[in-house]
1. Do we find that residue 13 is touching a Gly at 6+ places or on another chain (Cβ under 7 Å), of a type outside the set (Lys, Arg) and either part of a loop (DSSP other than H, G, I, E, B) or modelled with pLDDT of 95 or more (or both) in this structure?
2. Anything in segment 52-64 that is assigned to a loop (DSSP other than H, G, I, E, B), among the polar types (S, T, N, Q) and at negative phi? List them, or say none.
3. Considering only residues that are within 21 Å of the chain's Cα centre (by Cα) and of a type outside the set (Phe, Trp, Tyr), which ones fall in segment 105-116?
4. Modelled with pLDDT under 95 and touching a helix residue (DSSP H, G or I) at 6+ places or on another chain (Cβ under 9 Å): does that describe residue 54?
5. What number of residues within segment 179-221 satisfy the criterion of being assigned to a helix (DSSP H, G or I) and open to solvent by less than 90 Å² (accessible area, probe 1.4 Å)?
6. Among the residues of segment 182-196, is any under 18 Å from residue 47 (Cβ atoms) and among the hydrophobic types (A, V, I, L, M, F, W, C)?
7. Considering only segment 65-121, how many residues are part of a loop (DSSP other than H, G, I, E, B) and small (Gly, Ala, Ser)?
Amino acid sequence: MTIWKISVQEACVQTLIKQDATLAQLIDKIGDLQIQLRPNPLKSLIRSIIGQQISVTVAQSIFKKLSTAINDHWTVNQLLQLSESDMKAMGLSQTKINYIQNVLSAVQRGQLNFEALYKMDDNTVIKTLTQIKGIGKWTAEVFLLFTLQRKDVLPINDVGLQRSAQWLYQTTKDERKVQLAICAEQWHSCASIGAFYLWEAIHQNLLQYDTIYDIPNNNKN
């Protein structure tokens, strides 16, 4: 397991605290973070494809079945051993099977070179990945965050981040995406860290409180 440890004392977090007083309140409540990364690029992309537009619980169940079927051996050849019937039995739709096959085919043809992605800037990574049908901008951004460990990525189309931003900044549902776009500019160069804190607010069930000011002090890690 690869962990990205984020300390409140590090430069990026301190920069965010100075740039955004509202986010600073959330950082104070949560404290340090430990983000579980997805270092295997093929596994990471397929995991994101599986998770598109379905609940986390269902996605985890399907992903676990797929992982078991290939003995957690995430290679193109191993995955190609599975038939479409096998994958449908795991709960995958035909559309997602096609998307996974598109990724495998891109790797085989050399269109998708994972080693090369590590050397590209963020925008080039997004452009390269989204050329493959089934990988949209959100999936590419998740890859940048959890696999390439980039520090300036904020997926503004992520519904979870939108919900968290709506709660933290006390905006309306219609305004929350715009609020995230504002955050992306305000958090420039450290936006990924801000995203992780917004997600962590969900993971810690902080959104059950009306505002961040209602959270008991002992909720902090």
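1. Judged against the criteria, residue 13 is not a match.
2. Of everything in segment 52-64, those that are assigned to a loop (DSSP other than H, G, I, E, B), among the polar types (S, T, N, Q) and at negative phi turn out to be 52, 55.
3. Those that are within 21 Å of the chain's Cα centre (by Cα) and of a type outside the set (Phe, Trp, Tyr): 112, 113, 115, 116.
4. On the way: modelled with pLDDT under 95: yes; touching a helix residue (DSSP H, G or I) at 6+ places or on another chain (Cβ under 9 Å): yes.
In short, yes.
5. Qualifying residue count for the region: 24.
6. Within segment 182-196, one or more residues are under 18 Å from residue 47 (Cβ atoms) and among the hydrophobic types (A, V, I, L, M, F, W, C).
7. As a first pass, look at segment 65-121 and keep what is part of a loop (DSSP other than H, G, I, E, B): 70-75, 81-83, 90-93, 110-113, 118-121.
Add one more test, that the residue is small (Gly, Ala, Ser), and what stays is 83, 91, 93, 110.
Residues flagged as part of a loop (DSSP other than H, G, I, E, B) and small (Gly, Ala, Ser) within segment 65-121 amount to 4.
Table: residues versus (1) closer than 24 Å to residue 155 by Cβ; (2) in contact with a Ser or Thr (Cβ under 9 Å, 6 or more places away or on another chain).
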| residue | (1), (2) |
| --- | --- |
| 41 | yes, yes |
| 56 | yes, no |
| 59 | yes, no |
| 62 | yes, no |
| 65 | no, no |
| 77 | no, no |
| 86 | no, no |
| 92 | yes, no |
| 95 | yes, no |
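The values are calculated or read from the model by the stated rules, or taken from the named source; none is laboratory data. The structure presented is a predicted model; accordingly, all values stated were derived computationally and were not measured. Here Cβ is always computed from backbone atoms with ideal geometry, including for glycine, and neighbour counts include all displayed protein chains. The area values use the complete protein model at the heavy-atom level, side chains included, leaving out ligands, DNA and RNA. Shrake-Rupley method; radii C 1.70, N 1.55, O 1.52, S 1.80 Å.
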